[in-house]
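The values are calculated or read from the model by the stated rules, or taken from the named source; none is laboratory data. Owing to the predicted nature of the structure, the values given are computational and were not obtained by experimental measurement. Glycine also receives a Cβ, built like all others from the backbone with ideal geometry; neighbour counts cover every protein chain displayed. Each accessible area value is taken on the protein alone, full model and side chains, heavy atoms only, with ligands, DNA and RNA left out. Shrake-Rupley method; radii C 1.70, N 1.55, O 1.52, S 1.80 Å.
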Amino acid sequence: MLRHSKSPLLSLPGAVPAEGPDEGVAAHYGDPFREQRALADGSGFVDLSHRGVVTVSGPERLSWLHLLLTQHVSELPPHQAAQALILSPHGHVEHFLYLVDDGETTWAHVEPGTQDALIAYLESMKFFYRVEVADRTDAYAVVHLPAGSIAEAPADAVVRETPHGRDLFLPRAALPDFAAAHGPAAGSLAYEALRVEARRPRLGLETDHRTIPHELGLIGEAVHLQKGCYRGQETVARVHNLGKPPRRLVFLHLDGSEVTLPAHGAPVRLASDGPEGRQLGFVTTSARHHELGPIALALVKRNVPVDAPLLVGEGTAAAQEVVVEP
């Protein structure tokens with residue numbers, strides 16, 4: 001069961017609560033397109049305080065995490081961001097961690113409500129290692145400053161800086177003061193639209209129970225191919241060497257004449273087969289972009305021609321762009 005924390009920023013003027021995986025924060029504050037444009041221009045911030053926060057401390061934290069994660073983190077420099085996965089024994093994606101180490105503690109934010117399962121797994125793997133795992137979700141909130149933002153992070157925040165912006169681990173009690181000093185706030189709809197534009201997958205939306213990292217283009221970004229053993233590595237190596245993941249992530253430009261966006265799980269078919277044709281994939285996330293119009297990410301079978309026009313849902317026309325080569 002997902003465990004959501006309700007953000008105090010839902011009391012800001014115009015705040016409309018989000019639903020689904022982003023329940024607990026605002027979907028928007030009255031104007032999603034204006035909020036998108038502000039983020040794209042490097043201003044404002046996004047409240048991600050519903051996300052789980054997990055820390056690992058102790059002198060052996062990085063060498064221990066290196067044994068468990070798909071990423072090379074044994075020598076992760078302080079304040080350098082990393083992404084990593086935890087895979088099942090069969091190589092399927094179970095957890096997606098957004099990491100940074102502050103020199104004493106490794107911080108990670110994860111999908112809302114997944115921190116309990118993650119911590120349970122980490123605790124089961126401690127053995128004799130000198131590490132301490134903690135759920136810091138109640139004490140720390142995640143906020144996002146977009147790329148290009150000149151806002152200064154508070155002195156008591158842990159900063160995770162990436163090409164897409166800065167994620168701050170901020171004491172939860174400081175969230176209202178942060179919002180007052182760093183507005184305007186942007187909601188999850190704006191953040192998700194820019195995520196889809198950037199072709200960045202998200203656990204639970206672009207993944208299902210059989211997703212492997214190659215399907216999402218995560219090799220290199222979140223999976224290091226030259227490190228030692230970790231759970232699921234055999235599948236990663238086999239698929240990498242054969243070069244044949246069963247599915248691939250695609251970016252879709254959707255017909256702008258449709259009133260509603262296709263829901264998560266909406267079927268994807270070849271346009272030549274019509275709306276009753278064989279399903280070849282499904283929509284993972286759809287959004288309305290302030291410049292591109294309606295867009296989406298989808299998982300389709302590897303052998304779907306890269307230049308084939310597609311139909312989504314009940315018959316929405318879609319043109320695809322390659323994210324993962326077939």
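Pick from V25, V56: which is of a type in the set (A, V, I, L, M), over 21 Å from P213 (Cα atoms) and over 20 Å from the mean Cα position of the chain (by Cα)?
Values: V25 fails: over 20 Å from the mean Cα position of the chain (by Cα).
Answer to the selection: V56.
Taking the stretch 216-231 on its own, how many of its residues are out of contact with any helix residue (DSSP H, G or I) (no Cβ under 8 Å at 6 or more places or on another chain) and either among the polar types (S, T, N, Q) or within 16 Å of P89 (Cβ to Cβ) (or both)? Walk me through how you get there before you give the answer.
First, pick out the residues of the stretch 216-231 that are out of contact with any helix residue (DSSP H, G or I) (no Cβ under 8 Å at 6 or more places or on another chain): 216-218, 220-221, 224, 226.
Still in the running and either among the polar types (S, T, N, Q) or within 16 Å of P89 (Cβ to Cβ) (or both): 226.
Result for the stretch 216-231: 1.
Out of T55, T106, report the one residue that is on the phi < 0 side of the Ramachandran plot and touching a Leu at 6+ places or on another chain (Cβ under 9 Å). Steps first, please.
On the way: T55 fails: touching a Leu at 6+ places or on another chain (Cβ under 9 Å).
Exactly one of T55, T106 is on the phi < 0 side of the Ramachandran plot and touching a Leu at 6+ places or on another chain (Cβ under 9 Å), namely T106.
In the stretch 135-145, is there at least one residue being open to solvent by 20 Å² or more (accessible area, probe 1.4 Å), hydrophobic (A, V, I, L, M, F, W, C) and either under 24 Å from A26 (Cβ atoms) or assigned to a strand (DSSP E or B) (or both)?
Scanning the stretch 135-145, I find at least one residue that is open to solvent by 20 Å² or more (accessible area, probe 1.4 Å), hydrophobic (A, V, I, L, M, F, W, C) and either under 24 Å from A26 (Cβ atoms) or assigned to a strand (DSSP E or B) (or both), so the answer is yes.
Kindly indicate whether P89 is outside any strand (DSSP E or B), under 22 Å from S7 (Cα atoms), touching a residue at least 24 places away in the same chain (Cβ under 8 Å) and not polar (S, T, N, Q).
no
Being within 30 Å of E321 (Cα to Cα) and aliphatic (A, V, I, L, M) is the filter; apply it to the stretch 180-197 and report the residue that is most open to solvent (accessible area, probe 1.4 Å).
Applying the filter and picking the extreme gives L189.
Test each condition in (1) in a loop (DSSP other than H, G, I, E, B); (2) farther than 27 Å from G293 by Cβ; (3) open to solvent by 20 Å² or more (accessible area, probe 1.4 Å) for D177 and report the one that comes out false.
Exception for D177: condition (1).
Kindly indicate whether any position in the stretch 89-99 is open to solvent by less than 50 Å² (accessible area, probe 1.4 Å), small (G, A, S) and within 18 Å of F169 (Cα to Cα).
no
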